[in-house]
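Worksheet: one structure, shown below.
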């Protein structure tokens, strides 16, 4: 027997729905990550990226290859009261990594490791060793293939997310720090920088290159000489490698540490934005061949991802002419997308939700459509209300679009709910005070 249909319409208060107000309370085109669907998604994505570059006080492109502090230059330099060096290692883990870890442990120094997802999957024990010894782990993409990574932002994003998930399964943590293979110079355009920032990541290059990857078999003496180029600088981010074939880097490491230590440097790991640097964007003919991701792609991937690294902000839903707010505990981010309790979201937007005890499915009626969710199997079926024979949209859990249980509550991805019920997501905005989703 079906459960009783409960329809609840709330007025006022943080949990109810209300007509969208006009004026300052509505996020405008000057918001943090506004990308409109109208006017061409590719053009809007590019315009948004250019606006981001201008908002940081930098032109969208410069001709300099010099390193510059990321985003907040005064904060990055002003807080450095002593000389600081960040030892960073790329391309691991490999059989070189245990040697590096032993040296760091002996010297009582912490470092930052930008690891490859492919190598992490092969050697989770070395990732655990890095994590357990208190070092910082950063994301260096999955397999370091330039032709794929820099063919367009979605390809780069895919490798970042695959590596992130690999590391989460090993350590339980998602790294915010990202280093682009080969550095950002000549590889990142404004769109890459802008979307990575909006997604909550901290991208960092380096200030001193040890030269250990210039060619095969670079001798330890040459690595040491190049690494010491930063002596005298107030802040040094030193690029080294612990990938396969970099035994000479481990060989040079003790003397690198000794020389910087004797010069009065403090050793630190990279933790927040003030610790990072990035190269300036350079004009490149290859950029003209890239197609920026569409507004729909950005709405489905970017802003909701930032919630993985942020706590306490409410999620505001603008759906047609209605608006409601979910508190920070009333939504989650799952597989990079917002998910919400089915009953709370639908009823606050004026729909009805019931539970069918016989079939153990939830039924939501809203906007002239019927949604049936099977949280056990993950299937979601959407039809025209009152017309079971109508063409149905069926989504399943393995695609990341299905229903699931959390405690005794049925949850559903927001994109599945809104899109299936006739209100596709148009844009997402990640602001300091709130997250906001606008649907048609």
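Between residue 408 and residue 82, take the C-beta separation as r, use R0 = 51 Å, and let me know the FRET efficiency to the nearest 0.05. Display every interim value, and only then the final one.
On the way: r = 54 Å, r/R0 = 1.06.
With R0 = 51 Å, the Cβ-Cβ based efficiency is 0.40.
Full-extension gain between residue 216 and residue 289, please, as 0.36 nm times their residue separation minus the C-alpha to C-alpha distance.
23.1 nm
According to the Kirkwood expression over distinct Cα-Cα pairs, how big is the hydrodynamic radius of the range 158-247, in Å?
Numbers: mean 1/r = 0.0656 Å⁻¹.
One decimal place: 15.2 Å for the Kirkwood radius.
First measure r as the distance between the Cβ atoms of residue 247 and residue 158, then evaluate 1/(1 + (r/R0)^6) with R0 = 30 Å and state the FRET efficiency to the nearest 0.05. Before the final figure, lay out each step's value.
On the way: r = 32 Å, r/R0 = 1.06.
Step by step, r from the Cβ atoms, then E = 0.40.
What is the distance, in nm, between label points placed 7 Å from the Cα along the Cα-to-Cβ direction at residue 360 and at residue 132?
Taking the simple label geometry, residue 360 and residue 132 are separated by 3.9 nm.
At residue 255 and residue 121, where each label point lies 7 Å from the Cα along Cα→Cβ, what is the point-to-point distance in nanometres?
3.9
Can you tell me how much longer the chain between residue 169 and residue 147 gets when fully stretched, taken as 0.36 nm per residue apart minus their C-alpha distance, in nm with one decimal?
Numbers: separation 22, 0.36 × 22 = 7.92 nm, distance 2.74 nm.
Separation in residues times 0.36 nm, less the Cα-Cα distance, equals 5.2 nm.
Give me the Å³ per residue figure for the convex hull around the C-alpha atoms of the range 54-289. Don't skip to the end; give the middle numbers.
Working: hull volume 28.0 nm³, N = 236.
That works out to 119 Å³ per residue.
Nearest 5 is fine: what % of DSSP beta bridges in the range 54-289 come out antiparallel, could you say? Walk me through the numbers on the way to the answer.
Working: 3 of 26 bridges.
Of the beta bridges lying entirely in the range 54-289, close to 10 percent run antiparallel.
Once the piece of chain linking residue 262 and residue 233 is laid out straight, how much longer is it, given 0.36 nm per residue of separation minus the C-alpha distance between them?
Values: separation 29, 0.36 × 29 = 10.44 nm, distance 1.41 nm.
Here the answer is 9.0 nm.
Every number here is computed from the coordinates shown, using simple stated rules; none is lab data. Please read these numbers as outputs of a predicted model, since none were measured by experiment. For neighbour counting, all protein chains shown are included, and Cβ atoms are generated from backbone atoms with ideal geometry for every residue, glycine included.
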